[in-house]
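Below: the structure, in structure tokens.
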Amino acid sequence: EGAKKLGERLLAEVEVEGLSSVSPPSNSYFNIQCVDKLISSPTPPVLELVSPPSAHHPSGAGKTSLVYLIIAYTVLPRSLPFSVPLGGHDAAIVVFDPLHHLSVPRLAQVMLNLIISKTGKDIDEATKINIRSIVARSLTHVHILRPQSWPSLLATLRSLPDILFDGTRHKSMHRRIHSLVLKDIDAF
């Protein structure tokens, strides 16, 4: 009887709070202001980037550059250790790249340039080493999958939860998944 009363008393003292009180909802999905302004949806958007036929538009339309930028903002931290805000999401991302068009060295360069542009000052050698380390750590949260056929893509999609919830396979176990990027999906 005494344990029951104690339990009731303790339960009455419990305050229930939602996650929104700790982390207020944000209308910024990509953290790229000009893209976020285009999307005013209460649910996470599905963004499809398609180029017109090459006969009408021979040069690149910037889709790959935008994908690199989205990936960079996704995996980079919110700020640098020396109090420079980056606007990163500190999350993970899954990229399906069947044609092997995604270049990790190019992505690393985009990330380095993004960080350097945010610092806005001359960077000493110690800071450069620190920035390279941040980029290297951030790149471990980019998961590139390269299915070679529709059945392979579907099998990979089905096994994605098993892959993502297996902490022995990657270091992103405790990060949220920001996006699934499907590049060159028309390759099959």
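Take peptides 106-119, 142-155 and line them up by average Cβ neighbours within 10 Å, highest first, as a rough protection proxy.
106-119, 142-155
Step by step: find N for segment 61-175, compute 2.2 N^0.38 Å, then divide the Cα radius of gyration by it. What's the final number?
It is 1.17.
Return, for the Cα atoms of segment 119-175, the radius of gyration and Dmax in Å, separated by a comma.
Cα-based Rg and Dmax for segment 119-175 come out at 17.0, 50 Å.
What's the exposure ranking of Phe188, Phe96, going from fewest to most Cβ atoms within 10 Å?
Going from least to most buried by this count: Phe188, Phe96.
In whole Hz and in residue order, list the ³J(HN,Hα) couplings for segment 93-99 that follow from phi through the Karplus curve 6.51 cos²θ - 1.76 cosθ + 1.60, θ = phi - 60°; x for Gly and Pro.
Whole-Hz 3J(HN,Hα) from phi for segment 93-99: 9, 10, 10, 9, 10, x, 9.
Compute the distance in nm between two label points, each set 7 Å from the Cα along the Cα-to-Cβ direction, one at Leu180 and one at Lys128.
The answer from the label model is 4.1 nm.
Arrange Ile129, Ile123 by Cβ neighbour counts within 10 Å, fewest through most, would you?
Lowest count first: Ile129, Ile123.
Can you give the direction-averaged projected area of the convex hull of the alpha-carbon atoms in segment 83-128, in nm²?
Hull-based average projected area comes out at 4.3 nm².
Rule-based calculations on the coordinates, nothing more; no lab input. Note that the coordinates shown come from a computational prediction; the quantities given were computed from them, not determined experimentally. All Cβ positions, even for glycine, are placed from backbone atoms using ideal geometry, and neighbour counts span all protein chains on display.
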